[in-house]
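Heads up: the structure comes next, in structure tokens.
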Amino acid sequence: MKLFYKLILIPGCFLLMQGCAVKQLAISKLGDTLAQSGSVYASDNDIELIGEALPFSLKTIEGLLAEVPEHEGLLLTAASGFTQYSYVYVEYEALEIEQTQPQKAQELRQRAKNLYLRGRTYALRAIELKQENFIAGLRQNPDTTLAVFSKQDIPALYWFSLSWVAAMAADTSDMDMVADLNLVEPIILRCLELDESFDQGALHTFMISYQGGRSPIQGGGAPKARLHFARAEELAGDTNVSPLVSLAESVSISEQNRLEFETLLNQALDFKVDAHLPTRLANLVAQRRARLLLSRTDSFFLEDFSDVN
């Protein structure tokens, strides 16, 4: 009798295993499709429509990752998705209302920080498919830790760095996190070494804000930010206005260069977003931020009394 049950159970087990394998394959294939669907969003012309669609898409991706936790494409899509959603919708809303509703703005920045950190977690999971204990390795020996990565790993390293720095910026009172800011630079420098043209100069655009937000004593400063701006402009060509907005916000204000600030932002606003569809949404987002910044020009610059008698 026991042998009979075994003969029944064994085929059933094989069928169950086969069913699980088919399910995993199906989920993996769906994950591949979702991970490659970014161009549909990138070319859209409606910022709010994308904002309404993204939460469902992100939760769908998280559900799939529960089944295939090492799917690199899904991990990268989650990392970039949560980071961009936080920047474009949550943190931007905080910026919009900070002058009239400071408490609500602070709550939104805390939410933005949490979403950035969620994105960073997914990017870190993608990185640690190749290099375990990545952050500990960065602290101990960044050169050795980063040497194992190749050009194909740049997206994971980029989104990890971007989400991490964005979380720090959203909550500068979190000194334990801010203390790790210096760990980001070797990551981006390694990416630049592997392929500085990644995503039409996105690494250089990142470094405009990163270096512009640090003092020369910290290893940053406006001159370094301007070098990255020049290279970002060369690599982006006439396709992306983000470098213009980044320089205006990160350098022109700190240098109190009002003329440059207004010139850069107006140049961004003059750009015809339909001229390059793959970056249309990103350019619309940058133009929206440019308009808000321009509306607050007077609050960023000290009044010039040099002509007053």
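Hey, any hits in region 95-115 for a residue that's open to solvent by 30 Å² or more (accessible area, probe 1.4 Å), within 27 Å of residue 200 (Cα to Cα) and at pLDDT 95 or above? If you could, list the steps in order and put the result at the bottom.
If we filter region 95-115 for residues that are open to solvent by 30 Å² or more (accessible area, probe 1.4 Å), which is where we start, we get 96, 98-104, 106-107, 109-111, 114.
Remaining after also requiring within 27 Å of residue 200 (Cα to Cα): none.
No, that holds for no residue.
For residues that are assigned to a helix (DSSP H, G or I) and at pLDDT below 90, tally how many sit in region 28-52.
Our first condition is that a residue be assigned to a helix (DSSP H, G or I); within region 28-52, this holds for 28-35, 38-42, 47-52.
The next check asks that each one be at pLDDT below 90; those that pass are 28-35, 38-42.
Residues that pass the stated criteria total 13.
Could you list, in sequence order, the residues of region 250-295 that are touching a residue at least 12 places away in the same chain (Cβ under 8 Å) and part of a loop (DSSP other than H, G, I, E, B)?
Of region 250-295, the ones touching a residue at least 12 places away in the same chain (Cβ under 8 Å) are 250-256, 258, 260-262, 264-269, 271, 273-294.
Correct list: 253, 254, 255, 256, 271, 276.
Just a yes or no: is a residue in region 234-255 at pLDDT 95 or above, more than 24 Å from residue 83 (Cβ to Cβ), out of contact with any Ser or Thr (no Cβ under 6 Å at 6 or more places or on another chain) and open to solvent by less than 40 Å² (accessible area, probe 1.4 Å)?
yes
If we keep just the residues of region 158-184 that are part of a helix (DSSP H, G or I), β-branched (Val, Ile, Thr) and free of Cβ contacts under 8 Å to residues at least 40 places away in the same chain, which is most open to solvent (accessible area, probe 1.4 Å)?
Applying the first criterion (part of a helix (DSSP H, G or I)) to region 158-184 yields 158-170, 175-178, 181-184.
Next cut, β-branched (Val, Ile, Thr) only: 165, 178, 184.
Now restrict to residues that are free of Cβ contacts under 8 Å to residues at least 40 places away in the same chain: 178, 184.
Numbers: 178: 41, 184: 0 Å².
Only one residue fits best here, namely 178.
Could you tell me which numbered condition residue 211 fails, if it satisfies all but one of (1) part of a loop (DSSP other than H, G, I, E, B); (2) buried (at least 22 other Cβ atoms within 10 Å of the Cβ); (3) not small (Gly, Ala, Ser)?
(1)
Of the residues that make up region 59-76, is at least one among the polar types (S, T, N, Q), under 30 Å from residue 299 (Cβ atoms) and open to solvent by 30 Å² or more (accessible area, probe 1.4 Å)? Step through it out loud before you land on a result.
If we filter region 59-76 for residues that are among the polar types (S, T, N, Q), which is where we start, we get 60.
With under 30 Å from residue 299 (Cβ atoms) added as a condition, the list becomes none.
No: zero hits.
Taking region 124-164, which residues are touching a Leu at 6+ places or on another chain (Cβ under 7 Å) and among the hydrophobic types (A, V, I, L, M, F, W, C)?
If the condition is that a residue be touching a Leu at 6+ places or on another chain (Cβ under 7 Å) and among the hydrophobic types (A, V, I, L, M, F, W, C), then 126, 127, 134, 138, 149, 154, 156, 159, 160 are the ones that fit.
Output the number of the condition that residue 306 fails; it satisfies all remaining conditions of (1) under 26 Å from residue 43 (Cα atoms); (2) at pLDDT below 95.
(1)
Out of 110, 103, report the one residue that is free of Cβ contacts under 8 Å to residues at least 40 places away in the same chain, assigned to a helix (DSSP H, G or I) and more than 20 Å from residue 188 (Cβ to Cβ). Even if it seems obvious, please write down each step before you answer.
Values: 110 fails: free of Cβ contacts under 8 Å to residues at least 40 places away in the same chain.
Exactly one of 110, 103 is free of Cβ contacts under 8 Å to residues at least 40 places away in the same chain, assigned to a helix (DSSP H, G or I) and more than 20 Å from residue 188 (Cβ to Cβ), namely 103.
Could you give every pair whose Cβ atoms fall below 7 Å, whose first residue belongs to region 185-200 and is within 17 Å of residue 160 (Cα to Cα) and basic (Lys, Arg), and whose second residue is modelled with pLDDT of 95 or more and in a loop (DSSP other than H, G, I, E, B), counting only separations of at least 6 or pairs across chains?
190/149
The values are calculated or read from the model by the stated rules, or taken from the named source; none is laboratory data. Worth saying up front: this structure is predicted, and the values here are computed from it rather than measured. Glycine gets a Cβ as well: all are built from the backbone with ideal geometry, and neighbour counts include every protein chain shown. Areas reflect the complete protein model, heavy atoms only, side chains present, ligands, DNA and RNA absent. Shrake-Rupley method; radii C 1.70, N 1.55, O 1.52, S 1.80 Å.
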